[in-house]
Amino acid sequence: MPKINGNEIRPGNVLEHNGGLWAAVKVDHVKPGKGGAFAQVELRNLRNGSKLNERFRSADKVERVRLEQKDQQFLYENDGMLVFMDAETYEQIELPADLLGDRRPFLQDGMTIVVEFYDEEALNATVPQKVVCKIVETEPVVKGQTAANSFKPATLDNGVKVMVPPFVGQDEDIVVNTETMEYSERA
């Protein structure tokens, strides 16, 4: 595994630190008036989700881990476990549903997601950035309400509540950004 300097750590990098695998969530480069510069890094443990704040000086060496990314197709959910199939080898794997966190409702039958592996261990899973959902409930359009940024609440077919523009009605398909959990556009 390649070693990198402490000042080369970027958000999203996966590091081997203190015997665990950590993802860099936030990186702030600090140059105090006295003493050497350092990188203040917020780390999240990929195995148990715990967080850690650590300082790395430029002279510190850390091991950067490369995760293998594979496309997996969602098949079904069974007792809190999500079953995925590798599109190339047709091997099936089971992952805990909480691995997706609050993005879980956007997982749809047959959807292809990216699962990151370290050796044979699945550590992370991401749903596509944009997902098409149907609005099952929203308020009707109020005539004369033409404020530039007036949004109204809407409930999607997966139970998630988002704010949508006034011109979007019930039973319409919309595209939702799964990173920001916001309305993106009409489908």
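Within the stretch 78-96, no residue satisfies the criterion of being among the hydroxyl-bearing types (Ser, Thr, Tyr) and crowded, with 18+ Cβ neighbours inside 10 Å.
Number of residues in the stretch 97-115 that are open to solvent by less than 50 Å² (accessible area, probe 1.4 Å) and touching a residue at least 60 places away in the same chain (Cβ under 8 Å) equals 1.
The rows are residues; the columns are (1) of a type in the set (D, E, K, R); (2) in a loop (DSSP other than H, G, I, E, B); (3) farther than 28 Å from HIS29 by Cα.
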position	(1), (2), (3)
ASN48	no, yes, no
PHE56	no, no, no
GLN73	no, no, yes
VAL83	no, no, yes
LEU95	no, no, yes
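Scanning the stretch 120-141 for residues that are without any contact (Cβ under 8 Å) to a residue 12 or more places away in the chain and either under 13 Å from GLN72 (Cα atoms) or more than 21 Å from the chain's Cα centre (by Cα) (or both) returns no hits.
List the number of the failed condition for LYS152; all other conditions in (1) over 30 Å from ASN45 (Cβ atoms); (2) surrounded by 13 or more Cβ atoms within 10 Å (Cβ to Cβ); (3) among the charged types (D, E, K, R); (4) out of contact with any Pro (no Cβ under 8 Å at 6 or more places or on another chain) hold. Here LYS152 meets the rest and fails (4). Counting only residues that are touching a His at 6+ places or on another chain (Cβ under 9 Å) and either in a loop (DSSP other than H, G, I, E, B) or basic (Lys, Arg) (or both), how many does the stretch 24-46 have? Qualifying residue count for the region: 1. Regarding ALA125, is this residue open to solvent by less than 40 Å² (accessible area, probe 1.4 Å) and modelled with pLDDT under 90? Yes, satisfied. Taking the numbered list (1) more than 24 Å from the chain's Cα centre (by Cα); (2) in contact (Cβ under 8 Å) with a residue 24 or more places away in the chain in turn, LYS34 passes all entries but (2).
The values are calculated or read from the model by the stated rules, or taken from the named source; none is laboratory data. If you're wondering where the values come from, they're calculated on a predicted model, not measured in any experiment. In this analysis, Cβ positions are derived from the backbone assuming ideal geometry, glycine residues included, and neighbour counts consider all displayed protein chains. Surface accessibility is based on the protein's heavy atoms, side chains included, excluding ligands, DNA and RNA. Shrake-Rupley method; radii C 1.70, N 1.55, O 1.52, S 1.80 Å.
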